[in-house]
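Asker: After the structure tokens below, expect a handful of questions from me.
The values are calculated or read from the model by the stated rules, or taken from the named source; none is laboratory data. Every value quoted in this text rests on a predicted model; they were computed, and no experiment measured them. Virtual Cβ from ideal backbone geometry, glycine too; neighbours counted across all protein chains shown. Ligands, DNA and RNA are stripped out before the accessible areas are found, and what is left, the full protein with its side chains, is counted by its heavy atoms. Shrake-Rupley method; radii C 1.70, N 1.55, O 1.52, S 1.80 Å.
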Amino acid sequence: MSKRLFIRTYGCQMNVYDSDRMAESLAPHGWTRVESPEEADLVVLNTCHIREKAAEKVYSELGRLRRLREERTARGETMLLAVAGCVAQAEGEAMLERAPFLDLVVGPQAYHRLPELLARRARAEGTALATDFPVESKFDHLPERSGPSPVSAYLTVQEGCDKFCTFCVVPYTRGAEVSRPVAAILAEARQLLAGGAKELVLLGQNVNAYHGEGPDGRIWSLARLLEALAELDGVVRLRYTTSHPRDMSEDLIEAHGRIPQLAPYLHLPVQSGSDAVLEAMNRGYTAADYRRIVDRLRAVRPDIALSSDFIVGFPGEREADFEATMELVRAVGFAQAYSFKFSARPGTPAASMRGQVKEAVKAERLQRLQALLVEQARAFNEATVGRTVPVLIDGPGRHPGQLVGRTPWQQPVHLDGTGLQPGDLVIVTITGSHPHSLAGRRAAGATVEGRA
Ligand code: SF4
């Protein structure tokens with residue numbers, strides 16, 4: 001009897017990857033994914049702990065799902081409820097106390113055990129809690145990737161974090177940095193490419209801290225791994241996220257000038273432009289260090305596009321500190337960026353730091369920062385108009401007959417889809433720019449690359 005599975009995914013790309021792997025680990029046991037909890041026999045919330053009140057949002061969603069389950073139970077149906085991801089890891093036992101109606105609470109390092117945990121649950125034996133950091137790697141217990149892959153496929157190569165930034169919960173919810181062996185990554189990459197992927201996006205909480213064991217028994221860096229992935233048949237583009245400035249090694253910077261498939265786009269969170277704030281955040285670099293890395297990157301790959309993360313209103317941030325952030329943004333120039341007001345995470349050092357900034361001040365600073373970042377993103381898109389660039393087609397666009405793809409700098413491009421299909425790499429002339437995307441038309445005589 002086929003069993004219906006619904007997974008709601010919150011947060012980062014790694015949670016998207018984990019949700020796919022959860023579904024793949026359950027598929028051999030008869031579970032198929034459905035689009036809504038109303039039609040599912042098992043509902044999994046794959047949660048994120050980064051944003052404010054993350055846990056409270058999960059509890060209110062659970063309240064709604066509990067009512068849905070009661071309605072369905074009254075109709076003689078069964079609906080299991082599970083919480084996975086970083087809130088499950090952070091809350092653990094407390095979640096079962098607060099929501100005793102849950103069937104399972106499983107952390108990011110234990111979701112490969114879902115089939116076994118569900119089977120034991122069905123036999124009314126065993127615990128509903130799996131938030132340990134098992135010795136064995138979950139990857140060794142997950143099935144091979146199979147079936148069609150998305151054009152741009154996520155591939156986790158590293159997990160966890162040893163940096164302990166004072167505002168962040170990740171080291172507590174994802175554990176210490178662990179790098180997957182090169183052979184396992186290459187095998188999964190081949191499976192994704194065989195399924196039709198053209199771009200591989202390497203994921204890690206600190207992906208550029210990658211130090212996995214190579215087939216030669218040596219420790220490989222991310223640069224060495226990217227080189228090996230670039231040699232695989234069918235790889236059109238490579239990207240990696242999320243990086244830490246402290247781990248931007250010289251060989252990785254040079255890889256941007258050497259590996260043609262490595263996209264000229266890098267997400268490199270800086271968080272602040274003030275050395276005093278960076279120190280209070282325990283980031284381990286200065287604004288000048290960050291700018292030196294940017295200069296090195298632009299020396300080896302002059303057209304590289306940078307995106308970043310910013311936190312405004314960190315405890316102790318004075319107007320001069322904020323101005324230092326604005327100064328860094330003006331000096332670097334970002335194609336894209338994500339910016340947030342500081343919000344205290346329970347249990348993190350920053351939550352109890354002195355000098356908490358008033359909400360009104362945070363909001364006013366965020367507004368100024370975002371106005372500058374939006375202007376830089378607009379100018380970056382505007383500068384692409386009239387250029388002829390390679391675009392990797394991802395899928396359907398906004399309008400019938402239209403497709404959307406991405407430039408090497410991650411800009412979405414909408415164009416007429418005649419004669420094109422997802423996965424094609426085609427030369428496009430950019431004809432217009434919008435706040436978050438571009439318009440284009442296939443360049444005269446442009447051939448299509450990448451078709452099998
Ligand atoms: S490096 Fe990133 S994941 Fe690690 S503690 Fe800092 S913000 Fe969190």
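Asker: What shape does the chain take by its C-alpha gyration tensor, where a ≥ b ≥ c are the square roots of the eigenvalues and a/c under 1.5 counts as rounded, a/b above b/c as prolate, and the rest as oblate? It would help to have the intermediate numbers written out before the result.
Answerer: Details: a/c = 1.55, a/b = 1.18, b/c = 1.31.
It comes out oblate by the Cα gyration axes.
Asker: If you don't mind, another one. Which value in deg cm²/dmol, rounded to the nearest 500, describes the helix-derived mean residue ellipticity at 222 nm for the chain, given -39,500 (n - 2.57) per DSSP H run of n ≥ 4 and division by the residue count?
Answerer: For the chain, the value works out to -10000 deg cm²/dmol.
Asker: Amide H neighbours of Val83 under 5 Å, at least 5 residues apart or on other chains, H built in the peptide plane: list them.
Answerer: Amide H to amide H, under 5 Å and 5 or more residues apart or across chains, Val83 pairs with Leu45, Leu104, Val105, Val106.
Asker: Moving on. Give the relative contact order (percent, whole number) for the chain; include only Cα pairs under 8 Å separated by 6+ residues. Can you show the working numbers first?
Answerer: Numbers: 885 pairs, mean separation 42.0, N = 452.
It rounds to 9 percent for the chain.
Asker: Expressed in nm to one decimal, what extension gain is obtained for the pair Thr429 and Glu77 from 0.36 nm per residue of sequence separation less their Cα-Cα distance?
Answerer: 121.3 nm
Asker: Still on this structure, I have one more. Ignoring any ligand, DNA or RNA, what whole percent of the accessible area of the stretch 336-452 comes from carbon and sulfur when the probe is 1.4 angstrom?
Answerer: Details: 3560 of 6110 Å².
Of all accessible area on the stretch 336-452, carbon and sulfur atoms account for 58 percent.
Asker: Follow-up question, since we're still on this one. Quick test of the membrane-span-like rule: which DSSP H helices of the chain reach at least 15 Å along their long axis (C-alpha atoms) with mean Kyte hydropathy at least -1.0?
Answerer: Numbers: long enough: 13-26 (20 Å, -0.81); 54-74 (30 Å, -1.08); 182-194 (18 Å, 1.35); 287-300 (20 Å, -0.30); 319-332 (20 Å, 0.22); 359-382 (34 Å, -0.42).
Helix filter hits for the chain: 13-26, 182-194, 287-300, 319-332, 359-382.
Asker: I've got another one for you. Compute the relative contact order of the stretch 288-362 as a whole-number percentage, counting only Cα pairs closer than 8 Å that sit 6 or more residues apart in sequence.
Answerer: Values: 66 pairs, mean separation 30.6, N = 75.
Result for the stretch 288-362 is 41 percent.
Asker: How large is the charge dipole for the stretch 158-245, taken about the Cα centre, if only the Cβ atoms of Lys, Arg (+1) and Asp, Glu (-1) carry charge, to the nearest 20 debye? Don't skip to the end; give the middle numbers.
Answerer: Numbers: 9 positive and 10 negative charges, 40 e Å.
Dipole about the Cα centre, nearest 20: 200 debye.
Asker: Any idea how far apart Gln421 and Arg378 come out in nm if each label point goes 7 Å out from Cα toward Cβ?
Answerer: 4.0 nm
Asker: Still on this structure, I have one more. Shape verdict for the stretch 150-212, please, from the Cα gyration tensor: rounded (a/c under 1.5), prolate (a/b greater than b/c) or oblate.
Answerer: Values: a/c = 3.42, a/b = 2.10, b/c = 1.63.
Note, shape of the stretch 150-212 comes out prolate.
Asker: Further question: Mind listing the long-range amide H neighbours of Gly196? Cut-off is under 5 Å, sequence gap 5 or more, other chains count too, H placed in the peptide plane at 1.01 Å from N.
Answerer: Ser149
Asker: Can you tell which of Trp409, Ile430, Val391 lies farthest toward the positive end of the dipole of the stretch 388-449, using +1 and -1 charges on the Cβ of basic and acidic side chains (Lys, Arg; Asp, Glu)?
Answerer: Final value for the positive-end residue is Ile430.
Asker: Describe numerically, in nm with one decimal, the distance between label points set 7 Å from Cα along Cα→Cβ at Ala439 and at Gln410.
Answerer: Here the modelled spin labels are 2.5 nm apart.
Asker: Here is a follow-up. For Arg291, project a label point 7 Å along Cα to C-beta. Then give me every residue of the stretch 313-329 with its amide nitrogen under 20 Å of that point.
Answerer: From the stretch 313-329, the list is 318-329.
Asker: Sort the stretch 3-130 into rounded, prolate or oblate with this rule: let a ≥ b ≥ c be the square roots of the eigenvalues of the Cα gyration tensor; rounded if a/c is under 1.5, and if a/c is not under 1.5, prolate when a/b is larger than b/c, oblate otherwise. List each step's numbers first, then the result.
Answerer: Values: a/c = 1.30, a/b = 1.13, b/c = 1.15.
Cα axes put the stretch 3-130 in the rounded bin.
Asker: Could you rank the peptides 373-384, 81-92, 411-422, 261-272 by their average count of other C-beta atoms within 10 Å per residue, with the highest value first?
Answerer: Values: 373-384: 15.9, 81-92: 25.2, 411-422: 17.5, 261-272: 22.4.
Highest-to-lowest ranking by the protection proxy: 81-92, 261-272, 411-422, 373-384.
Asker: Give me the accessible area per residue for the stretch 92-155, probe 1.4 Å, as a whole number in Å². If you can, show how the numbers build up before the last one.
Answerer: On the way: 3080 Å² over 64 residues.
I get 48 Å² per residue for the stretch 92-155.
Asker: I've got another one for you. Sort by residue number and name the cysteines in the chain that have no neighbouring cysteine Cβ under 4.7 Å.
Answerer: Cys12, Cys48, Cys86, Cys161
Asker: Rounded to the nearest 0.05, what FRET efficiency do Arg98 and Glu231 give with R0 = 56 Å and r taken as the Cβ-Cβ distance? Could you check?
Answerer: My answer for the efficiency is 0.65.
Asker: Could you work out how much longer the chain between Arg67 and Ala194 gets when fully extended? Use 0.36 nm per residue separation minus the Cα distance between them, nm to one decimal. Present the calculation step by step, with values, prior to reporting the outcome.
Answerer: On the way: separation 127, 0.36 × 127 = 45.72 nm, distance 4.26 nm.
Gain in length upon complete extension: 41.5 nm.
Asker: Please arrange Lys163, Lys341, Lys358, Lys3 by accessible surface area, largest first, computed with a 1.4 Å probe and ligands excluded.
Answerer: Values: Lys163 20, Lys341 80, Lys358 155, Lys3 60 Å².
The ranking, largest first, comes out as Lys358, Lys341, Lys3, Lys163.
Asker: Which of the peptides 73-79, 140-146, 244-250 is most tightly packed, and how do the rest follow, judged by the mean count of other Cβ atoms within 10 Å per residue? List each step's numbers first, then the result.
Answerer: Values: 73-79: 10.7, 140-146: 13.3, 244-250: 17.1.
In descending order of packing, they fall as 244-250, 140-146, 73-79.
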